[in-house]
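Novice: Could you have a look at this structure, given as structure tokens, before my questions?
The values are calculated or read from the model by the stated rules, or taken from the named source; none is laboratory data. A quick note: this is a predicted structure, and the numbers were derived from the prediction, not measured. We place every Cβ from the backbone using ideal geometry, glycine too, and count neighbours over all the protein chains shown.
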Amino acid sequence: MAKVLVATEKPFAAAAVEQIAGIFKDAGYDCTFFEKYNGQDELISAVGDAEAMIIRSDKVTPEVIDAAKNLKIVVRAGAGFDNVNLEAATKNDVCVMNTPGQNSNAVAELVLGMMVFQARNHYNGTSGTELCCKKLGIHAYGNVGKLVAKIAKGFGMEVFAFDPFVENDIIEADGVTVCETVEGLYAMCDYISLHIPANEHTVKSIDYSLMSSMKPDAVLVNSARKEVINEDDMLKIFAEKPGFIYLSDIAPANKEKLTEKFPGRCFFTPKKMGAQTAEANINAGKAAANQIIGFLEKGDTTFKVN
Ligand code: 3PG
């Protein structure tokens, strides 16, 4: 009986847990849910006999891989896999997968939710602004970016996108205008929504030069990863541009400085909330369970990332 560990420091919704458990029960697997654990040491002591793991933003470090002697596959139920040490996994012959697209709608809805919240002054009773007719720039047109564009068009926004990895035809087919340069996108839009992954090319890439080219009252929305922002540069931008706003799904490391010095100009979720919906948890959790079964039983490596 294959042993699966679902290690989620931030647990899936109850309905998702039930459905994941059902998939493994039907397949004759032994599935354990290890939720709300405290720190890496607890995770390391829980992975001992797991052959497969499902994780969310949980950190799969070389130490975790080392402790999981029977591990064959880790599926990140979600899009970003920057929390998994791919080098250690590959060295130990562990297959790593993600579940692209499964939680995208939840993230896209949160982006527009944060934008409305800010445009209406955090619902504090004062007069705000509308999203209609404003320009939205989407930085990276993947699964989430595409859905953000769709919802934003429903609000009557003018939508632009920059993504050198996506054919112009695909972007234009959605009624979105292609920007040939990232600088052009940042300079022309009222809102920028970030959808780039965190990797060696993108960490701290949203820097002084890019942010200083933005409009004086521009709003930067980050539902990707905090690591892509150069936080020191952002502090300077906040001081230089009194209208600049930052909304982020998860707080930056310099949260205290930003909120104390520039009150009302930023909003941060207390935990990463983009994918925190029952629907997203069910979609990503079920996909992860089925990918594990497909891999262990048929050698299916679709969505392998290492
Ligand atoms: C993702 O990369 O899919 C999102 O950041 C979701 O992360 P979470 O599963 O920790 O909510």
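Novice: Name every residue in the stretch 213-246 that is part of a loop (DSSP other than H, G, I, E, B) and within 15 Å of the ligand (Cβ to nearest atom), in order of residue number.
Specialist: Those that are part of a loop (DSSP other than H, G, I, E, B) and within 15 Å of the ligand (Cβ to nearest atom): Ser223, Ala224, Arg225.
Novice: Same structure again: Yes or no: the stretch 179-192 includes at least one residue that is in contact with a strand residue (DSSP E or B) (Cβ under 6 Å, 6 or more places away or on another chain) and of a type in the set (S, T, N, Q).
Specialist: So far as the stretch 179-192 goes, no, none of its residues is in contact with a strand residue (DSSP E or B) (Cβ under 6 Å, 6 or more places away or on another chain) and of a type in the set (S, T, N, Q).
Novice: Exactly one of these conditions fails for Lys72: (1) in contact with a strand residue (DSSP E or B) (Cβ under 8 Å, 6 or more places away or on another chain); (2) under 27 Å from Val107 (Cα atoms). Give me its number.
Specialist: (2)
Novice: Let me ask something additional. Filtering the stretch 247-296 down to residues that are free of Cβ contacts under 8 Å to residues at least 40 places away in the same chain and part of a helix (DSSP H, G or I), which residue is surrounded by the fewest Cβ atoms within 10 Å (Cβ to Cβ)?
Specialist: Restricting to residues being free of Cβ contacts under 8 Å to residues at least 40 places away in the same chain and part of a helix (DSSP H, G or I), the top hit is Glu260.
Novice: Take the conditions of a type outside the set (Ser, Thr, Tyr), within 23 Å of Val203 (Cβ to Cβ), free of Cβ contacts under 8 Å to residues at least 40 places away in the same chain and surrounded by fewer than 18 Cβ atoms within 10 Å (Cβ to Cβ) and apply them to Lys69. Does it pass?
Specialist: no
Novice: Restrict the check to the stretch 83-98 and report whether at least one residue is charged (D, E, K, R), closer than 26 Å to Val144 by Cα and assigned by TED's automatic domain parsing to the domain that holds Ala289.
Specialist: Within the stretch 83-98 (the criterion being charged (D, E, K, R), closer than 26 Å to Val144 by Cα and assigned by TED's automatic domain parsing to the domain that holds Ala289), the answer is no, since none of the residues qualifies.
Novice: Tell me, which residue of the stretch 268-282 that is near the ligand (Cβ under 10 Å from one of its atoms) and charged (D, E, K, R) is modelled with the highest pLDDT?
Specialist: Restricting to residues being near the ligand (Cβ under 10 Å from one of its atoms) and charged (D, E, K, R), the top hit is Lys272.
Novice: Looking at the stretch 151-169, which of its residues are surrounded by fewer than 15 Cβ atoms within 10 Å (Cβ to Cβ) and either under 22 Å from the mean Cα position of the chain (by Cα) or outside any helix (DSSP H, G or I) (or both)?
Specialist: Listed by number, the residues that qualify are Gly156, Pro164, Phe165, Glu167.
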